[in-house]
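Heads up: the structure comes next, in structure tokens.
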Amino acid sequence: MMFMFLNLSMSNTEAEHRKEEEAPAGEDEDTGAQVALIVKFEEVTVSTGEENEHAILDLKSKLYRFNKDGNQWKEQGAGTVKFLKHKETGKVCLLTRQSKTLKICANHLILPSMSVQEHFGNEKSCVWHARDFADGELKDELFCIRCILLSTETTMWDWAAKLWTSSGRRR
């Protein structure tokens, strides 16, 4: 019977080469790698449509629309609700955007005919009717908004009063 023995030991040069590969590259050592830019990005000016408006109020909130077909409230998104007063005309509009996508959830003018009401005894929620343009066409909608970061001392009525007085209207 014949036995074959394998030589599992490495030569000195192979062992040294392996140590060099495993050792981290020094700061002064030139690895020869070259990095080149593949894509150049240019600065782009983005228009939000809010440039000629001043924010009267800016709150974190959840916005709901009443779905007449399902007879229930549908959440439109959580984000910021802004009351924007136009610098030239003085008109005030409500604009709500979702936090992450910045999609417009509500966009309508605040008119003297509107009334804001507390929603079923909840001090942090208000309900109102408006002709909204968020989807690109005017629609009559019933909205409810719940402000997330209102303190316990600040009620929705304080919020609504600030809106109506700043726009020259009463609630």
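Where a number appears in this text, it was derived from the coordinates with a stated rule and is not lab data. This one's a predicted model, so the numbers in the text were calculated from it and none came from an experiment. Here Cβ is always computed from backbone atoms with ideal geometry, including for glycine, and neighbour counts include all displayed protein chains.
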Task: Net charge, SER61 excluded, C-beta distance under 13 Å - Lys, Arg +1, Asp, Glu -1 - done: +4
- [ ] May I ask for the net charge around GLN76, where only other residues with Cβ less than 11 Å from the Cβ of GLN76 are counted and Lys, Arg are +1 while Asp, Glu are -1?
- [x] +1
Open item on the list: I'd like the FRET efficiency for THR89 and GLU137, computed as 1/(1 + (r/R0)^6) with the beta carbon distance as r and R0 of 22 Å, rounded to 0.05.
Closed with: 0.50
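Would the stretch 56-156 count as rounded, prolate or oblate if I go by the C-alpha gyration tensor, calling it rounded below 1.5 in a/c and otherwise prolate when a/b exceeds b/c, oblate otherwise?
Rounded.
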